Ligand SMILES: [Zn+2]
């Protein structure tokens, strides 16, 4: 088969990288994958991609089986670093992976990987956010063996606290069900972005790298209170600014360094 596949190269700026991700997501929504679909590549092309990796974005996403970044953004081999945990929560190993991606240098002391964007990618109907809500509203018995799952729940709790603070004075339909899970998940992304903005290794990478929050709507979904958010398969990078709506800021919910 003749190859029609050409990797588009390394984006020249964070803006271009973000646009590349948005364009890839559009192809995903339209069912027209060009790059992630390896049937377009013959082995010569694929070998080229495998010889030397040039990942230009780090996507920190959820382990959910429906949100694989390479497919959702239609990216190819060697283009993305992907870190995935439930609820895209951070632990030392995951954070170390991110820090390595942005700080590794080559023999000339130049950045080893041309990272332009670090994206925290949340999604609707997230099981980890749902489990966190449940464990706050119906706490497990003290003798229940939660294993390491409690670490996930603890990491997402500030997002639920923020949601409750915002809705304490004005109860509405968003306080239950999938809409609540989505709103908690979005806040979780915002808190994670704020936390990464305080990361010293990322800070040392300076203006070279954009840190962005994004949210993937799996299906046709409405976010309660905002008719603009009715999306299907779309990854949005302009999250609602809850801080303006209710006066609480994501900064207030960033965990204190231990
Ligand atoms: Zn999830």
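Averaging sequence separations of C-alpha pairs under 8 Å and six or more residues apart, then dividing by the length of the chain, give the relative contact order as a whole percent.
Numbers: 406 pairs, mean separation 50.0, N = 258.
That works out to 19 percent.
When only alpha-carbon atoms are used, what values of Rg and Dmax, in angstrom, describe the range 14-253?
Just the Cα atoms of the range 14-253 yield Rg and Dmax of 18.7, 61 Å.
At R0 = 22 Å, how high is the FRET efficiency between residue 29 and residue 63 if r is their beta carbon distance? Nearest 0.05 is fine.
It comes out at approximately 0.50.
Which order results if 236, 63 are arranged by neighbouring Cβ count within 10 Å, fewest first?
Fewest-to-most ranking of 236, 63: 63, 236.
Kindly give Rg over Rh for the range 31-134, based on alpha-carbon atoms, with the Kirkwood expression for the hydrodynamic radius.
A ratio of 1.03.
Does anyone have the angle between helix 92-103 and the longest principal axis of the chain? Alpha-carbon axes, 0 to 90°, nearest 10?
Between the helix axis and the principal axis of the chain, the angle is about 40 degrees.
Listed highest first by mean packing, meaning other Cβ atoms within 10 Å per residue, what order do 105-112, 130-137 come in?
130-137, 105-112
Kindly express, to the nearest 10 degrees and within the range 0 to 90, the angle between helix 127-137's C-alpha long axis and the longest C-alpha principal axis of the chain.
Around 20 degrees separate the two axes.
Taking 0.36 nm per residue of sequence separation and subtracting the Cα-Cα distance, how much length would be gained by fully extending the chain between residue 97 and residue 167, in nm to one decimal?
Answer, rounded to one decimal: 21.6 nm.
Roughly how tilted is helix 149-167, in degrees to the nearest 10 and between 0 and 90, from the longest Cα axis of the chain?
In the chain, helix 149-167 runs at an angle near 60 degrees to the longest axis.
Since every read-out is calculated from the coordinates, none of them should be taken as a lab result. Note that this is a predicted model, so its numbers are computed, not measured. Cβ: placed from backbone, ideal geometry, glycine included. Neighbour counts: every protein chain shown.
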